[in-house]
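These notes concern the structure reproduced below.
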Amino acid sequence: MELIIEKLKKGIQSHPIIQNSTLSGTKEWKRAHYIILSEIITDRLEKSEFMQGSKRNELGCSISSMTLQRIFTNHPSETKNSDLRFLKSLDKLAIFIGYPSLNSFLNNEAIDLGKSSELESKIEPVSFFEELITNYCQEEFNCLKKLPEVKVASLSKFFFTDGPLSKRITDVIESYSKLNYHLNCTNNRSNFEIYDFKVSSISETIAIFTVKEFWNLEWKDENDNITIVFNKVNRQTYFIKKIDAVWKIWDNYNPDYNEISTKINSALEEKLSIKKPFN
């Protein structure tokens, strides 16, 4: 993660807008400088072609000076735990320096980062991490197939239960269960595929991989009517940590997570409104 952040910081510092601002002549930024940086980035994001539509609603165009100061000074804080909010901040920084998204930035940097990290550290073979991600996705799909019954205990083999991914995926599965939805797997109508693994960074305690994922999920209600069809191909980022000598997934950045949550919440609200008696 530190290597990724350093790459982003260098990209920001060398950006023409920063070079032509009052920040370029200052060696050590203070609180006031991060306020200026926040204003510059916010203005740029508001005008960015990559911050339109749902992306704009999902991320927002502002980033606080406090968040920027923590990122630039490497201040040890909970935001460095790769939670979704912190990943969204990195996403905005990647967009500021000209990339469509954080995943696009990681994909572009993957070759250089991968080569350097593998030379420096003989941690685990790349195939180990690829297998971990593949098995996690398969088990997630298995859990979805069991709905509306919620059975997610098996996922703990692949991610840390105190990590942000654990809560997020459990919340999604429980929401589907509340709707009493089940996955339509007849004639392979629901399926998934993962491919094109790329190494972004590997160190002694964290590995970052990006992978293309295709998820085709067709949901039916209790009356066997098709309700939600989710069909997406995107590139997702996995943050895999080593804790107590065990490698597991800590977090995952799925750029379409907000769309999934919105669809489920809308369906829940509609279902609850139908059930409400008239006053």
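The values are calculated or read from the model by the stated rules, or taken from the named source; none is laboratory data. Remember, predicted model here, so these are calculated numbers, not experimental data. Note that each Cβ is placed from the backbone with ideal geometry, even for glycine, and that neighbours are counted across all protein chains shown.
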| Long-range neighbours under 6 Å by Cβ, at least six apart or interchain, first residue on the phi < 0 side of the Ramachandran plot within region 145-162, second of a type in the set (Lys, Arg) | 159/248; 160/248
| The listed residue being β-branched (Val, Ile, Thr) and over 16 Å from residue 130 (Cα atoms), out of 194, 206, 202, 243 | 243
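Could you check how many residues of region 141-190 are more than 15 Å from residue 250 (Cα to Cα) and either under 17 Å from the mean Cα position of the chain (by Cα) or not charged (D, E, K, R) (or both)?
Kept after step one, since they are more than 15 Å from residue 250 (Cα to Cα), are these residues of region 141-190: 141-154, 171-190.
Next, only the ones that are either under 17 Å from the mean Cα position of the chain (by Cα) or not charged (D, E, K, R) (or both) stay: 141-144, 147-148, 150, 152-154, 171-173, 175-177, 179-188, 190.
Number satisfying all stated conditions: 27.
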| task | For region 87-108, indicate whether the set of residues that are in contact with a helix residue (DSSP H, G or I) (Cβ under 6 Å, 6 or more places away or on another chain), within 16 Å of residue 237 (Cα to Cα) and modelled with pLDDT under 75 is non-empty. | result | no
| Search result, residues across region 172-221 that are in a helix (DSSP H, G or I), at negative phi and not small (Gly, Ala, Ser) | 172, 173, 174, 176, 178, 186
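Answer with yes or no whether residue 69 is among the polar types (S, T, N, Q) and over 21 Å from residue 200 (Cβ atoms). Steps first, please.
Values: among the polar types (S, T, N, Q): yes; over 21 Å from residue 200 (Cβ atoms): yes.
Criteria met by residue 69.
Pick from region 124-140 the residues that are touching a residue at least 60 places away in the same chain (Cβ under 8 Å) and surrounded by fewer than 17 Cβ atoms within 10 Å (Cβ to Cβ): which of them is farthest from the chain's Cα centre (by Cα)?
So in region 124-140, the residues touching a residue at least 60 places away in the same chain (Cβ under 8 Å) come out as 124, 126, 128-130, 132-134, 136-137.
Those left that are additionally surrounded by fewer than 17 Cβ atoms within 10 Å (Cβ to Cβ): 124, 126, 128, 130, 134.
On the way: 124: 23, 126: 20, 128: 21, 130: 17, 134: 17 Å.
Once the filter is applied, the top-ranked residue is 124.
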| task | For region 222-236, enumerate the residues that are assigned to a strand (DSSP E or B) and farther than 17 Å from residue 189 by Cα. | result | 234, 235, 236
| Listed residues 232, 212, 198, 220; which is without any contact (Cβ under 8 Å) to a residue 60 or more places away in the chain and under 18 Å from residue 94 (Cβ atoms)? | 212
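Please specify each residue of region 152-168 satisfying the condition of being closer than 18 Å to residue 257 by Cβ and part of a helix (DSSP H, G or I). Write out each step before concluding.
Residues of region 152-168 that are closer than 18 Å to residue 257 by Cβ, as a first pass: 152, 155, 158-159, 163-168.
Within region 152-168, 155, 164, 165, 166, 167, 168 meet the criteria.
May I ask you to say which residue of 273, 203, 261 is closer than 17 Å to residue 144 by Cα and at pLDDT below 85? Explain how you work it out, then say what you get.
Working: 273 fails: closer than 17 Å to residue 144 by Cα; 203 fails: closer than 17 Å to residue 144 by Cα.
Residue meeting the stated conditions: 261.
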